[in-house]
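The values are calculated or read from the model by the stated rules, or taken from the named source; none is laboratory data. Note that the coordinates shown come from a computational prediction; the quantities given were computed from them, not determined experimentally. All Cβ positions, glycine included, derive from the backbone under ideal geometry; neighbour counts span all protein chains shown. These accessible areas exclude ligands, DNA and RNA; they are computed on the full protein's heavy atoms, side chains included. Shrake-Rupley method; radii C 1.70, N 1.55, O 1.52, S 1.80 Å.
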Amino acid sequence: MLLILPWIQSLHQTRGDSDFYDAAARADIEETSRLATTIDTWWPAVLVALTEDVTNARTEGFNRIIKQTKRVGGGFTNMDNYRRRIMVHIALTRGQRPAA
């Protein structure tokens, strides 16, 4: 992935002269124009994701556990019991890990 990073950076830095943006404009297809706009809008976040060692994987993992607990629970009517079940499941499956 790091091998393509210089190419991606040059693609965005020279977007006025970029083959990608020119091709998207020439294609006259709504999807390619939207793709170029999306890349331009989200570029700072994409660059951070490619260059920094920061992810939201831990949060996504907890969200998966919560959804799985809710699905297995069959409809908790007591919010305290639901919260306890989630915390117990996290404590049993994850153990103690240092914060990122």
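Using beta carbons and a limit of 7 Å, which pairs, at least six apart or on different chains, have the first residue in the range 61-74 and under 14 Å from MET87 (Cβ atoms) and in a helix (DSSP H, G or I) and the second one open to solvent by 70 Å² or more (accessible area, probe 1.4 Å) and of a type outside the set (Gly, Ala, Ser)?
THR69/ARG85; GLY73/ARG85
Looking at ALA45, ALA36, which one is assigned to a helix (DSSP H, G or I) and either in contact with a strand residue (DSSP E or B) (Cβ under 7 Å, 6 or more places away or on another chain) or exposed (fewer than 10 other Cβ atoms within 10 Å of the Cβ) (or both)?
Only one candidate qualifies: ALA45.
Out of the range 8-34, which residues are within 16 Å of VAL46 (Cα to Cα) and at pLDDT 80 or above?
None; the set is empty.
When the residues of the range 53-100 are filtered to those that are modelled with pLDDT under 80 and under 30 Å from ALA36 (Cβ atoms), which remaining residue is surrounded by the most Cβ atoms within 10 Å (Cβ to Cβ)?
Residue satisfying both the conditions and the ranking: VAL54.
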